[in-house]
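The values are calculated or read from the model by the stated rules, or taken from the named source; none is laboratory data. Small disclaimer: the values here were computed from a predicted structure and weren't measured. Note that we place each Cβ from the backbone using ideal geometry, even for glycine, and neighbour counts take in every protein chain shown.
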Amino acid sequence: MKRKITLSFFLVIGAITIYAQQKASTPKTFKYGKVDPTEFETKVSGIDSAARGVKLFDVGRSWFEVSPKTGNFVNVYERHIRFKVLNKTGYDIADLEIPLYRGSAGSEELLDYMDAATYNLENKQIVVSKLAKDAKFSEKHDKNWTVKKFTLANVKEGSIVEYKYRIKSDFIFNLRQWNFQSSVPTLYSEYDIRIPEYLRYKVTPGGYVPVNLVKREQINENYYIPASGQEKSGNVQATALEMKYVAENVPAIKAESFITTLDDYISKLDFELTSTKYPNSLYKDYSSTWPNIVKMLIEDDNFGHFVKKNGYAKATLPSIIKNETDPQIKTQLIFDYVKNTLKWNDRHSKYTSETNPKTIFEKKAGNSSDINLSLLNLLTEAKIAAVPVLVSTRENGAHPGHPLLEKFNNVIVQVVLGDKTYLLDATDKYLTGDLISYENLAHQGFKLNLDTDAPSGEWISLEQSTTSKNNTYYNLVLSEDNKLSGTLYLSFSNYAALTQRNKFTSAVNEAEFIKNYKKDKPGIEVKSFKIENLDNPSELLTETMEVNIEDNVEEAGNMLLLSPLLFERTKENPFKQEERNYPVDFAYPLEENYRITIEFPKNYTLDKLPANGKVKLPNDEASFTYLFSTEGNKVAIISKINISKSVFTAEEYGYLKELFKSIVEKQAQQLVFKKS
């Protein structure tokens with residue numbers, strides 16, 4: 001939801017906190033359509049040598065005008081970007097999408113100007129292919145969002161693609177984010193913004209690429225004020241703060257394993273309005289303190305007022321808890337009732353879609369706030385100490401930490417029972433006390449005190465202290481015709497169990513689940529299957545199978561080779577980059593245990609057995625153990641991967657990369673049998 005700020009007459013800014021250092025530099029200028037032949041010679045090297053394209057430049061400008069329709073300020077955002085396509089995988093550079101928002105009462109974002117072209121160098125001449133009229137499309141996503149789509153023609157390896165467009169927006173609370181970094185390398189990125197003296201914005205930088213503030217000065221601006229009532233139209237002169245940011249030779253940002261969202265790590269600037277002060281008007285503060293934010297939520301019909309409406313809770317609670325008086329049991333009964341009654345619609349929100357819990361229970365479905373604030377409503381009526389906790393989900397990105405309501409997109413519940421504290425999330429029937437959904441594992445949440453006399457809040461940890469375990473045990477017999485048969489036993493706890501439970505219930509039936517299980521396990525036949533504790537999420541989820549396995553033993557003369565971990569080994573290192581600038585985020589501590597016992601024919605001997613080994617990180621924060629043992633004609637293999645904390649810093653990346661390199665190498669080693 002975007003916020004429109006209604007302004008009377010005209011608008012202003014004061015000082016902004018600047019994080020980049022001011023540095024002498026000569027900003028570059030680029031003219032649309034003026035392509036130099038030398039630009040076709042542009043190449044990239046180093047870590048981006050395989051890039052599908054390169055941004056020759058990406059220049060943005062942002063300023064404010066007074067709307068002739070409303071008399072309020074609008075933000076004007078203009079972007080001029082030029083790419084070179086380096087190979088066939090970069091053809092998608094010719095496709096541009098521009099999302100536009102439309103709010104209530106006619107407030108909207110409009111595409112005010114658009115031009116684009118493809119340039120090719122043919123026989124030393126630049127051939128221009130302009131954007132065709134039939135290459136423009138509009139796609140309405142919902143009642144608020146429309147996406148404008150454009151596709152350029154004649155794109156090939158070596159083409160240069162250029163776009164220039166301008167957007168006018170009635171929404172000035174949050175300005176459009178400027179990204180200095182993207183999925184392709186950028187030679188030059190510049191962002192220039194001019195903010196009237198009547199507005200004050202908080203500037204929040206992000207990312208790891210150095211960004212230089214090359215200009216910061218007061219300038220004079222003229223604003224045309226349309227006629228209103230008896231007031232005549234005319235120009236008003238005011239000062240504005242102009243800031244220009246530049247980043248050069250910016251590497252592409254690459255998706256890596258174990259992150260939240262790339263937007264947490266990309267180099268960017270965000271702008272949020274914090275206050276206004278117009279001539280002859282009082283100073284107005286928008287988002288300066290947490291108490292103000294909590295007070296606003298208390299008074300919101302889709303938050304605080306929703307929680308206080310207890311009519312449904314009073315009528316329903318006796319049938320849920322009956323005569324139970326133990327707070328722990330009452331909490332579990334209410335939690336189970338909400339989980340089993342309301343179905344999540346896969347939408348995260350900090351606000352409810354209705355203003356009364358009764359409506360949510362009648363619909364039997366809702367967004368995350370509908371469900372969790374309904375849970376809070378029932379717990380409060382049952383006299384359980386419970387409060388809401390705001391969260392910015394992993395996909396939504398990390399909250400910057402300062403008072404900023406817009407960045408939250410979800411809410412869960414904290415319950416205090418005696419000396420123990422639990423986090424509850426009722427959006428999935430397989431969640432338990434302190435097992436919140438994976439998306440909520442954002443490391444911190446903001447706990448709210450909804451006391452109207454003293455509204456407040458504080459940051460709390462969402463870190464998981466319990467290790468999620470995935471245990472796999474094979475007990476197999478190797479026959480003389482090179483087939484394996486026996487029992488496979490699997491057990492899962494915490495998030496490993498949550499994932500497996502949802503896999504099973506999302507399948508049409510047990511047969512489909514087994515079929516999906518076998519997809520990446522060539523040669524396995526499941527003769528029988530049993531699952532236990534599926535609907536008891538507080539217990540280990542277990543699966544037992546009787547299996548036959550073929551085509552996993554390689555024969556060479558009288559020698560047999562077998563990869564002992566069969567389908568369970570780690571085949572490639574998830575950490576491929578030489579260096580990493582951002583953290584490695586596993587979300588929760590985890591442990592993978594594999595134990596395989598193989599009984600082989602008495603006329604076989606083990607000719608080669610891999611060496612035992614253990615690799616660990618400093619302070620035992622992660623480790624890998626690989627053990628072999630033999631007894632008679634049996635061999636046992638144990639592989640254990642332990643990650644004991646959820647987040648590792650960029651400085652620890654090298655250790656993790658080497659750890660997983662050892663895992664890949666060790667788990668690939670084979671048992672060698674010799675027939676006598």
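Answer yes or no: is there a residue in the range 57-64 that is closer than 25 Å to Gln125 by Cβ and at pLDDT 90 or above.
Yes, there is a match, as at least one residue in the range 57-64 is closer than 25 Å to Gln125 by Cβ and at pLDDT 90 or above.
If the requirement is being in a strand (DSSP E or B), out of contact with any Lys or Arg (no Cβ under 8 Å at 6 or more places or on another chain), at negative phi and small (Gly, Ala, Ser), which of these qualifies: Ala398, Ala386?
Ala386
Of the conditions (1) under 31 Å from the mean Cα position of the chain (by Cα); (2) farther than 23 Å from Tyr653 by Cα, Ser257 satisfies every one except a single condition; which number is it?
Condition not satisfied by Ser257: (2).
Does Glu190 satisfy the criteria of being among the acidic types (Asp, Glu), surrounded by fewer than 19 Cβ atoms within 10 Å (Cβ to Cβ), within 30 Å of Glu41 (Cβ to Cβ) and at pLDDT 95 or above?
So Glu190 does not fit the description; no.
Hey, among Tyr191, Tyr201, Tyr224, which residue is in contact with a strand residue (DSSP E or B) (Cβ under 8 Å, 6 or more places away or on another chain), more than 30 Å from Lys407 (Cα to Cα) and not assigned by TED's automatic domain parsing to the domain that holds Lys407?
One residue alone meets the criteria, Tyr224.
Say we look at the range 84-101 and pick out the residues that are surrounded by 16 or more Cβ atoms within 10 Å (Cβ to Cβ) and touching a Leu at 6+ places or on another chain (Cβ under 9 Å); which of these is farthest from Ser159 (Cα to Cα)?
Top of the filtered list is Leu100.
Among the candidates Val184, Val209, Val203, single out the residue that is under 27 Å from Lys43 (Cβ atoms), aliphatic (A, V, I, L, M) and at pLDDT below 95.
That would be Val209, the only listed residue that is under 27 Å from Lys43 (Cβ atoms), aliphatic (A, V, I, L, M) and at pLDDT below 95.
Of everything in the range 463-489, what is surrounded by fewer than 18 Cβ atoms within 10 Å (Cβ to Cβ) and outside any strand (DSSP E or B)? Give them in sequence order.
Within the range 463-489, Glu463, Ser465, Thr466, Thr467, Ser479, Glu480, Asp481, Asn482, Lys483 qualify.
Of all residues in the range 234-260, which are assigned to a loop (DSSP other than H, G, I, E, B) and touching a residue at least 12 places away in the same chain (Cβ under 8 Å)?
Within the range 234-260, Pro251, Ala252, Ile253, Lys254, Glu256, Ser257, Phe258, Ile259, Thr260 meet the criteria.
I'd like to check something: does the range 140-147 contain any residue that is aliphatic (A, V, I, L, M) and touching a helix residue (DSSP H, G or I) at 6+ places or on another chain (Cβ under 9 Å)?
Checked against the condition, which is being aliphatic (A, V, I, L, M) and touching a helix residue (DSSP H, G or I) at 6+ places or on another chain (Cβ under 9 Å), the range 140-147 yields no hits at all.
Considering only residues of the range 490-504 that are crowded, with 16+ Cβ neighbours inside 10 Å and not polar (S, T, N, Q), which is nearest to the chain's Cα centre (by Cα)?
Tyr495
Do we have Leu342 as of a type in the set (A, V, I, L, M, F, W, C) and touching a strand residue (DSSP E or B) at 6+ places or on another chain (Cβ under 9 Å) here?
Yes; evaluated as a whole, the condition is true for this residue.
Conditions first: (1) without any contact (Cβ under 8 Å) to a residue 60 or more places away in the chain; (2) in contact with an Asp or Glu (Cβ under 8 Å, 6 or more places away or on another chain); (3) in a loop (DSSP other than H, G, I, E, B). Ile219 passes all but one, so which condition is the exception?
(3)
Applying the selection to the range 401-419, what residues are in contact (Cβ under 8 Å) with a residue 60 or more places away in the chain, within 22 Å of the chain's Cα centre (by Cα) and either under 17 Å from Leu431 (Cα atoms) or in a loop (DSSP other than H, G, I, E, B) (or both)?
His402, Pro403, Leu404, Asn409, Asn410, Val411
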